[in-house]
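In what follows, a structure is listed as structure tokens, so that the remarks can point back to it.
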Amino acid sequence: YRAPVSMWMRNMQMAFFSVCFALLNMMRESDREQSGEMDNDNNPITKPFMHGFTKCVYFVILLQAGGGLLVAAVIKYADNVLKDMATGVSILLSTIVSTFLFGTILSLQFAFGASIIVASVYLFSNDVPCSRCAKSSDEDNEMEMRPMLPS
């Protein structure tokens, strides 16, 4: 019997292949765009590998990497339904914030979808009383356990 592989090791295993393909792609010089300028020997100057990367781009990369690790941790310590609800609520909150910051106009479809998200989060996180469950008796339990077909 072998112990299960940790989440970090599994992430490293999956990242290994993407790093290999990225290195192969990086070594292909022919795909790099020309800058349109010429050097002293009249050869075209190619753009450097990370041409155009700004602090904002690095920040977005770090956010995406952190988000991936956060999703892995949520799935490990919670469950998939909770992750999906958190995703729905985050979309809802970010859209509401964008209406105030950027003046985004919300459609009727979005309002309908948002109400479904809010209702599902409420129903999932709270116990909803059930009239049939409250008056459960031994007779109901026996009825439930009987086979459908006679044997």
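From the square roots a ≥ b ≥ c of the eigenvalues of the alpha-carbon gyration tensor of the stretch 1-113, which class results: rounded (a/c under 1.5), prolate (a/b over b/c), or oblate?
It comes out oblate by the Cα gyration axes.
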Accessible area per residue for the stretch 55-131 in Å², computed with a 1.4 Å probe and the full protein assembly in place, what is it?
79 Å²
For the stretch 48-123, one quarter of the surface area of the C-alpha convex hull, expressed in nm², comes to 7.5 nm²
At most 15 other Cβ atoms within 10 Å and a DSSP loop assignment: could you name the GluC sites (Glu not before Pro) in the stretch 1-104 that fit?
E33
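The values are calculated or read from the model by the stated rules, or taken from the named source; none is laboratory data. Just so it is clear, the structure is predicted and the values come from calculations on it, not from any experiment. Here the Cβ is made from the backbone with ideal geometry for all residues, glycine too, and neighbour counts use every protein chain on show. Heads up: the accessible areas ignore ligands, DNA and RNA and are worked out on the full protein's heavy atoms, side chains in. Shrake-Rupley method; radii C 1.70, N 1.55, O 1.52, S 1.80 Å.
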